[in-house]
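Just so it is clear, none of the values below were taken in a lab; they were calculated from the coordinates. Everything numeric here is computed off the predicted structure, so don't read it as measured data. Positions of Cβ are generated from backbone atoms using ideal geometry, with glycine treated the same way; all protein chains shown enter the neighbour counts.
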Amino acid sequence: MSAAPYVVAGWLFLMGCYGLATSRNLIHAVGCLAVCQSSTYVLLLAVGYRSGGTAPVFSDIAPGSRPVVDPIVQALTLTDIVIGATVTALLLSLVIQVAKRHRTVDPDELSELRG
Amino acid sequence: MSVAQTLPLIVITPMFGAALLVGAGRRLPRFAAETLGCLFAAGAAVLALLALAATGSSAGQPAEWVGGWRPHNGVSVGIVLVGDRTGLGLATLVSLLVLAALAYAWRYFAEPPRRHAGSFPALVLLFQAGMCGFTLTGDLFNAFVFFELMGVVAYALTGYRVEEARAVQGALVFGVVNSLGGYTTLLGIGLLYAHTGELGFAQIGNALAGSPGTPDALLIAGFTLVVTGLLVKAAAVPFHFWLADAHAVAPTPVCMLMSGVMVELGLYGAARVYWTVFAGPGGMPAADAHRALLALGVLTAVLGTLMCWQQRHLKRLLAYSTVAHAGLFLMGLAVLSPAGVGGVAVYVLGHAGVKAALFACVGILLDRFASVDEHQLHGRGRELPWVGALFGAGGLALAGLPPFGTALGKAVTEEAVGGWATALFVLVSAVTGGAVLRAGARVFLGLGTRPADAGRHPADETAGEEEPETRGGPLSRIPDTMLTVPAVLLAAALAVGLVPGLRTGIGQAADAFTDHAGYLAAVLHGRAAEPVPTPPPHWTASGVLWGLVATALAAGLALWTVRRPVRDDVARWTVPLRRMHSGHVGDYIAWFLAGVTLLGALIA
Amino acid sequence: MTMRLRMWVLALGGLGVAVLYVLACLDLPSFGGHRHPYGDRAVRAALARHTANTISSVNFDQRALDTLGEESILFGSVLGTVVLLRQTRDEDRQQPEPARVAPSVRRYALFALPVTLLIGLYIVAHGQLSPGGGFQGGVVVATSLHLLYIAVDYRALERIRPLGLYEVADAAGEAAYVLVGAAALPAGWAFLGNFLPYGTFNTLASGGTVPLLNAAIGVEVAAGVVVLLARFLDQAVEIVSTDEEAEGRA
Amino acid sequence: MNGWTAAGTALLLCGFAPAACGVATGRASRRVPAQNVATTLLSLVFLLLAQGFARPAYVDTALVLSVLGPAGTLLFVRLLADQLADHPPGERRLRALTVGNYVAVAAVVLPLSAAAGPGRAMVKLLIIGVLLALGSWVATRAVHAAAAMGHGRGAPAEGMSGDR
Amino acid sequence: MTGELPVLLGLLLVAAAGTGAVLVRDPVRQSFVLSLLGLSLAALFLLLQAPDVALSQLAVGSALTPLMVLLSVRKVRRKARSERREERE
């Protein structure tokens, strides 16, 4: 258990890379990139977790009454999620243009940039 | 207002300009939008210059804690911006180059998107904000955020000409590979945070000092992963594949920025992270870092040079020359000494001017003849003598002709690396410069035989027919700005080699940059520490000599090649190399993973 | 590169990265550990500034520069998408045919739209108190408007979506963040300094500048996502290339 | 781990996980209803966990999911209408799923409301319950309508091909 | 130890959904699995006591990302379909 979250994060990253490398459809590849990114969420939050802790949000509990988990990693992950969504949007719009100009979204058939 | 307080302004000025351009962009005519863009870029440049001038006299590294979260007893919860001379100098370089690119683009593009006259300048301003933020920040995660900002904007800028099939493909590859690099960096940041519980460069460095000894696997992995993302940006082999694809297709003003400074910022980031975080006790042993950076540097320089010589697509040629030079910079940094850093700093400054000028010249060719193909353009450049002169001067400067800044940088760096490296530096400069001169001789002088069948090209090669970027076919005449910008840039590259004050400044900057303890003291305790002074970069007889040798070699190589008949087929020994550069995302990802493994193995 | 070679390189690289990463994991402090120096300091700092939600305090006060960068990324990628998905010369617009939606679904959408909108605004407004904030709420608000496309009709969405206005709002959100950050510079405060009174703990007006920055993000995200989706919808629904159109008429 | 958390975990394991399998496999006519079930059950898991962790603030996640979940389902219905029409889902299965959703919502929300006692928290819980129930009702209606419209259609208005 | 069983379950769900999202090659089907990945991540985040992060994952993953992916697929397929018809003529 003590290393499970870290292992899952690594697994997601490598799986995402595998998907990217073998993808035959660019939309699918962008999805795989999102999988890669989800590994960073898992790693960051796992790093900040504290056994028996609760969220450092004091609207419904008194400050100091319970141990809390690390707020920093949560803020980092929030930022990361926004970045992920925007990168996905941008890459998808590029895929749309690739489909228009190359008439395919299979990376194996895109062969204009070589050497 | 103190120097420290201007630091955030350097970042937010272009951001605000971008917001203004987008907000008002629907009403603004194109002229007003472009003027506004230039104004904001110039504003940031002026601020950076003023701050640089103000720090020039003192040894301090002004640190601004954003939000006023100054540290107590060396700990803080905030983010710090550090205006040391290296960071501020790079911010200045970024801003000036952005200004040059915007000026060059002034009348460059075909009609801007309907009702979005301000989009291009706004994107460039955001690019500038990202790069300036990256140079100034003193926080690992904040560096990642600005890294992503420049990435995201750069992808959009690369694909700006959506009607061009290659542009969108190159931008997509660029986006995927660089995003993956960014996530790798973030994984590394997560590991370092788990290890030390801190995010600031200085804070992590401080925390690491608490557990001296040989680095454990965690630290090695953290360093490897963080540096990987930065080396992707820096186009180190084998993370370099995206660069040629992106550069070949991006609009010329964007190429100027990406080759001139964005790639170098990746190197800056890696060096910054090494010195502020890992150079102290409990960090990475210098020998390990040296070995890894040097090996990657040599690999990058050699591969970049080989690929550069093979190109007939002028933008790809220049792109691979950037890869080769990035390898040289990496070798210079690998020395891990002030002399190496100072040499690289001079080299980067000179290279930025020269490379941007060369791209600007190619942009003019693209406008005139709708091609950037060396063979198709054979002799057609005769009607553009000035462009030819600038292009030739750029080629000579790239080869290391004294007294250009590139020559000084090359001389100082090769001396710092020492030994066999001199030969490699001379060869790399000679071949990349020679490739540019060869292309220049064919295009602008019409030397050699005219290729019989220029339209044909083997399957493994990218030829250079392109849609023109300029509005409605070629312009009636070359706008003055398009010719002035490369001239000014080359003059600046010349000045880098000639102005003595700049050299002393760079020397001091390098001393401070490599001073781990001084950085920590300045950031965490506000104590200005005077680093041990070392001699600043300067001209030496052997440096001049080797520069001349490289230039002569380059010229000779170029002349020898153009006199021989143009070969239609690709030389057989290059085929495997070319096959590696397949333009396929999957291949690049595979190489990416292999590269992380290689880097980790070199460090461990 | 052949598929075979790529798989070999990939396997070797993946294996190496896995080894590196697993070795690192063995050295990591075990999951759920109690040493979080930065996090503990952040909680104390948030309480000192009367911000009940520490994550909001980190995002909008302690590490507000990260959020400015993040906001600029969003802003830049919305702008990038607008540029990349623009209507090019070889493309035309075609009015989409009305979609047929079951009346009950339509009624649900018309009911859910204001409810979702309200929930989104609630999430934005309570960002400094309870979980949520400008980003989360902003996306919910933007999604609520798109219920019109999803469950009513594209043209209904177009009617309530003057894009120009949303683009201006997007830029205004970005500018507002910068301006709030710089507002107290002349008075000698640091950039993004929290210059407003901190207010009473656990009330809507607590946290000083946190609610303002939070609102700026909310506006930018909501407007930005609407603009972003508008571009995708345009491409998927309205814009057709000329040859496609000609063939459609034939 | 208290009873509420255990119940939440059990629902995650025995409710959400099977629904997730349904989302990941089969034709659109199976995936779309399963997607609705998954979001509904996940909202309920969130409610149970909020109670288990003694954190009323966590209820907001369930609140957001109770409106965004159906929105997601409707989106799939709208954009995959052709696939749904080509292979309409079984009438009886759809109804069973909806009834199952209602039962689950009631079985979770009512005890939670009782535990919360009268007050703001209870109102919020009930609102979430109503939204969830409405959501699964409309999802079924939408799937049903999309399948039915497919029979009478000529050319797809702007639908996507169901060729995969 | 039993206190962390729910987290383990969340991790397993995330790992399974992530693996599925990679192995499902058709983008439409992948969009279902991606939305599932978003939901699983949100559950994991809540179990890790990060409701703020769970909220933003829900906001992005439940409607926004699938909508963008599906719209892209529709555009790409429409283009491909008209190409195919052209070829037949």
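For this structure, a couple of remarks:
- For the residues of C:220-226, the average number of beta carbons from a partner chain within 10 Å of their own beta carbon is 2.
- For the residues of C:119-125, the average number of beta carbons from a partner chain within 10 Å of their own beta carbon is 3.
- Value at 222 nm in deg cm²/dmol, rounded to 500, when DSSP H runs of n ≥ 4 in chain B each add -39,500 (n - 2.57): -22500 deg cm²/dmol
- Dividing the summed -39500 (n - 2.57) terms of all DSSP H runs of n ≥ 4 by the residue count of chain C sets its mean residue ellipticity at 222 nm at -20500 deg cm²/dmol.
- Chain B: C-alpha gyration tensor shape, a/c 1.5 cut-off, then a/b vs b/c: prolate
- Sorted by Cβ density within 10 Å, fewest first, the residues B:Met262, D:Met1, B:Met331, C:Met1: D:Met1, C:Met1, B:Met262, B:Met331
- Rg to Rh, two decimals, where the protein assembly as shown supplies the alpha carbon set and Rh follows Kirkwood: 0.96
- Cβ-based net charge around C:Gly208, under 11 Å, with every Lys or Arg adding one and every Asp or Glu removing one: 0
- Exposure proxy for C:Leu163, D:Leu49, C:Leu233: other Cβ atoms within 10 Å of each Cβ, ordered fewest to most, give C:Leu163, C:Leu233, D:Leu49.
- Scanning residues 5 or more positions from A:Thr54 or on other chains, those with amide H under 5 Å from its amide H are A:Val68, A:Val69, with H placed 1.01 Å from N in the peptide plane.
- Theoretical ellipticity at 222 nm over chain D - DSSP helices of four or more residues, -39500 (n - 2.57) apiece, nearest 500: -26500 deg cm²/dmol
- Translational diffusion coefficient (Stokes-Einstein; Kirkwood radius from C-alpha pairs) of the stretch B:271-412 at 10 °C, 1.306 mPa s, in µm²/s: 96
- Surrounding net charge for B:Leu191, when Lys and Arg each add one and Asp and Glu each subtract one, Cβ distance under 14 Å: -3
- Under Karplus coefficients 6.51, -1.76 and 1.60, residue-wise ³J(HN,Hα) of the stretch D:126-137 in Hz, glycine/proline x: 5, 4, 4, x, 5, 4, 5, 4, 4, x, 6, 4
- In chain D, the longest principal axis of the Cα atoms and the axis of helix D:59-79 are about 0 degrees apart.
- If the segment from B:Phe31 to B:Ala287 were pulled out straight at 0.36 nm per residue, it would be longer than the present Cα-Cα gap by 86.7 nm.
- In degrees, nearest ten, helix B:217-233 long axis to first principal axis of chain B (Cα): 30
- Between 0 and 90°, nearest 10: helix B:263-273 axis offset from chain B longest Cα axis: 20
- Inter-chain Cβ neighbour count for B:10-21, averaged per residue, equals 5 (cutoff 10 Å, partner chain atoms only).
- Max mean-square fluctuation residue, GNM over chain A, Cα-Cα springs under 10 Å, options A:Val35, A:Val82, A:Val73: A:Val82
- Coupling constants for the stretch B:394-405 follow from the phi torsions by the Karplus curve (6.51 cos²θ - 1.76 cosθ + 1.60, θ = phi - 60°), and in residue order they are x, x, 5, 5, 5, 6, x, 6, x, x, 5, x Hz; glycine and proline get x.
- Anisotropy class of the stretch B:168-221 from Cα gyration tensor, a/c 1.5 cut: prolate
- Counting every other Cβ atom within 10 Å of each residue's Cβ, D:Cys21, B:Cys255 order from fewest to most as D:Cys21, B:Cys255.
- Computed lengthening from B:Thr214 to B:Ala528, 0.36 nm per intervening residue step minus Cα-Cα distance: 110.0 nm
- Dividing the mean sequence gap of close Cα pairs (under 8 Å, 6+ apart) by how many residues chain B holds gives a relative contact order of 16 percent.
- Computed FRET value (nearest 0.05) for C:Ile160 with D:Ala114, which takes r as the C-beta separation and R₀ as 30 Å: 0.15
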